[in-house]
Amino acid sequence: CRLLWLGRRRVSRLAGVLPTVNMFVHRLSSRAAGAVRLWNGEPARRSTPAPTPELILFEYEASPWCRRVRETLGVLGLAALIKPCPRETLRAEGAFGATSRHRPEAAAAAAEAGASSRLSFPLLVDRTAGVTLSDSAAICEHLWSLYGGGVERPTLDQALNPRRRTLLDFPLLAAPSALRPWPEAGLMLAPSE
């Protein structure tokens, strides 16, 4: 009986330590992911005040293409309502079930815009301009052309997010996602607590 009691005591001590270790691992991997992209996304200097468009971004954290859009929003200093849409399956992009919180709304926004039947992310709804876009390059170009006035595009952003796709494009975008492969980091739908 004494061994069983000692075993339970160790387990309860370990259970108290695990959340702290888990938080430490998440913070460390988040910083490592930022370091891979050289912390791109810091707001650039503006010669004019930042505009305040009404932007809604449907995305999931682990997507390299969504990362590109988040970085562009950061560089431009634009606020957006971000609605996380983590994947529910690795079999089909855009598939969602009854437990999905924002994907049905994203699907409705894409259908309203006349997008293809396949739901893909990132999906930006720009209510100010009246457009819905789902390709990261098109979204970034749209944001720079409409809201980039008075901002000199940083050299780092130009190098990491070129306007034309390159061979290094995907590896540079995907490397941070590889550092955070668990459900809580947006790769897959995590169970609610």
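Beta carbons within 10 angstrom, averaged per residue: use that to sort the peptides 128-135, 44-51, highest first. Don't jump to the answer; show the numbers that get you there.
On the way: 128-135: 16.5, 44-51: 12.0.
Final packing ranking: 128-135, 44-51.
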Step through the residues of the stretch 139-144 one at a time and calculate ³J(HN,Hα) from phi using the Karplus curve (6.51 cos²θ - 1.76 cosθ + 1.60, θ = phi - 60°), rounding each to whole Hz and writing x for Gly and Pro.
5, 4, 4, 4, 4, 5
Nitroxide proxy distance, nm - points 7 Å out along Cα→Cβ at L38 and A79
3.1 nm
What is the list of residues in the stretch 27-61 whose amide nitrogen lies under 19 Å from a point 7 angstrom out from the Cα of E88, following Cα to Cβ?
58-61
Karplus 3J(HN,Hα) series, Hz, for the stretch 167-179 with 6.51 cos²θ - 1.76 cosθ + 1.60 (x for Gly, Pro):
5, 8, 3, 5, x, 5, 7, 7, 4, x, 5, 5, 7
Could you list which residues have their amide H under 5 Å from that of V131, counting only those 5 or more apart in sequence or on another chain, with H placed in the peptide plane?
D126
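Where a number appears in this text, it was derived from the coordinates with a stated rule and is not lab data. Every value quoted in this text rests on a predicted model; they were computed, and no experiment measured them. Note that each Cβ is placed from the backbone with ideal geometry, even for glycine, and that neighbours are counted across all protein chains shown.
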